[in-house]
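Just below is one structure, and these are the notes that go with it.
The values are calculated or read from the model by the stated rules, or taken from the named source; none is laboratory data. Worth saying up front: this structure is predicted, and the values here are computed from it rather than measured. Note that we place each Cβ from the backbone using ideal geometry, even for glycine, and neighbour counts take in every protein chain shown.
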Amino acid sequence: MSADQPRSEPTPWIDAWSAALDGFEMSLAEAEDLVSTGHLIDSAFESANLAWSPPTDLGPLPPALKDRATAILDRQLEMASRLAEAARSARQHLTVVDNLRDRRPSVPVYIDLVG
């Protein structure tokens, strides 16, 4: 095998990166499922399952995983766009609901003439 040819067998470096990308993909898939079904995210669930943080000891991305990482990034950017749209829509709905509220001060319906 020459130095120009990529290695076909996994290495600890590629395995570590693959595991990190697996974790990120699982979190992203869970978020996509929640958004697509319109479920609200409980903060306890969010912090336990969706709070992915990248490992700090992996080094640079192996070239063999570039396409996979790019596909994950594209999904993440799409998800961010969908979340921004959902937030905008929620703000609009809250504005409509707020405008429907009766802002007149409450007044007594009955007056106690005896007491």
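Some notes on this structure:
- Matching residues in segment 46-71 - criterion: being acidic (Asp, Glu) and modelled with pLDDT of 65 or more: Asp57, Asp67
- Segment 58-107, subset without any contact (Cβ under 8 Å) to a residue 24 or more places away in the chain, in a loop (DSSP other than H, G, I, E, B) and of a type outside the set (S, T, N, Q), residue nearest to Phe24 (Cα to Cα): Pro60
- Ala71 vs. criteria over 30 Å from Trp13 (Cβ atoms), hydrophobic (A, V, I, L, M, F, W, C) and surrounded by 10 or more Cβ atoms within 10 Å (Cβ to Cβ): no
- The residue of segment 76-115 that is farthest from the chain's Cα centre (by Cα), among those that are farther than 30 Å from Pro54 by Cβ and of a type in the set (Lys, Arg), is Arg104.
- Scan of segment 28-40 for residues that are at pLDDT below 85, in a helix (DSSP H, G or I) and small (Gly, Ala, Ser), ordered by number: Ala31, Ser36
- One residue stands out in segment 1-27 among those that are farther than 19 Å from Ile72 by Cβ and modelled with pLDDT of 85 or more: the one that is farthest from the chain's Cα centre (by Cα), namely Thr11.
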